[in-house]
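A short worksheet on the structure shown next.
The values are calculated or read from the model by the stated rules, or taken from the named source; none is laboratory data. These figures come from a predicted structure and were not determined experimentally. When we count neighbours, we look across all protein chains shown, and the Cβ atoms used for this are built from the backbone with ideal geometry, even at glycine. Note: areas computed on protein heavy atoms with side chains; ligands, DNA, RNA excluded. Shrake-Rupley method; radii C 1.70, N 1.55, O 1.52, S 1.80 Å.
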Amino acid sequence: MNPTNESAGQRRLECPFAKLHPSQLVKDDTHFMALAFNQAVEAWRIDEVPIGAVIVKDGAVIAAAHNAVESLNDPTAHAEILAITQAARHIGNWRLNECTLYVTKEPCPMCAGATIMSRLGRVVYAWGDPKMGCMGGATATHELPKLNHRVSVTRGVMEEECRSILQAYFAMKRAFAKSDAPASEDPAQEAP
C-alpha cells in the first residue's frame, strides 16, 4: 500500500487516524481537544508533524491551526504560534486573557513563551514532553517567579490519542527513511 497520494502536484499522506466528531451538546475540554486532534490529522496529511491547536473564547473556536514548519519553511510555524496569531487578529487585540489554547502536545520553549506573552488565560495540552516541554515536562516556564502573567495549565486531556498519532507519524517517517536508504556498497552483504 502506498501511503502517499500525489494528486494535483501536492504530496499528501494517507493518515491512518480518522478525524473525530465530538458532540456539539457538550463543549468541554475533551470536545475542544478533539478539534485540535483534527488539526493534527490535517498536518499529517500534508506531511507536517501532527500537532494541532485551537483557541476558544466564550465557548467558541476563534482560531485553529496545525504545524506548518515544512510547508512555510518557517521554524516558528508551530500550531500554537499560528493559532495565537489568528486569535489576536480575530479579536483585534494581542491580549488573549479570556482565551484557552488547546494543543495536542505540550508547548516547546518558544510556544510556552508565546502563551505567556499573549496573556492566554489557560493552556490545555494532551501529551507532556519530558525533553522539550516547557509547561511542566522538561521545565515549567509559566511558573517562573518573576513573571507578570500566570497561565493556568491543564494536562492529559485525550493524552492517549494525541500521543498515538505523533508516535505513529514518526514511526512511519523512520520506516520511509530506512526503505529509502541506499543499498549497501559492501558486496559481501549483497545476495548472490
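Can you tell me which residue within region 126-140, out of those that are open to solvent by less than 20 Å² (accessible area, probe 1.4 Å) and in contact with a helix residue (DSSP H, G or I) (Cβ under 7 Å, 6 or more places away or on another chain), is nearest to residue 55 (Cα to Cα)?
Taking the candidates together, the pick is 126.
Hand me the list of strands (runs of 3 or more DSSP E) wholly inside region 30-125 holding 2 or more residues that are in contact (Cβ under 8 Å) with a residue 60 or more places away in the chain and open to solvent by less than 10 Å² (accessible area, probe 1.4 Å).
Hits in region 30-125: 99-105.
Looking at region 141-169 only, could you name the residues that are surrounded by fewer than 14 Cβ atoms within 10 Å (Cβ to Cβ) and at pLDDT below 95?
Across region 141-169, the qualifying residues are 143, 144, 145, 146, 147, 148, 150.
Say we look at region 170-185 and pick out the residues that are open to solvent by less than 70 Å² (accessible area, probe 1.4 Å) and either in contact with a helix residue (DSSP H, G or I) (Cβ under 8 Å, 6 or more places away or on another chain) or part of a loop (DSSP other than H, G, I, E, B) (or both); which of these is modelled with the lowest pLDDT?
Taking the candidates together, the pick is 184.
More than 21 Å from residue 47 (Cα to Cα) and under 14 Å from the mean Cα position of the chain (by Cα): which single residue out of 92, 137, 128, 113 fits that description? Before the answer, list the steps.
Numbers: 92 fails: under 14 Å from the mean Cα position of the chain (by Cα); 137 fails: under 14 Å from the mean Cα position of the chain (by Cα); 113 fails: under 14 Å from the mean Cα position of the chain (by Cα).
Exactly one of 92, 137, 128, 113 is more than 21 Å from residue 47 (Cα to Cα) and under 14 Å from the mean Cα position of the chain (by Cα), namely 128.
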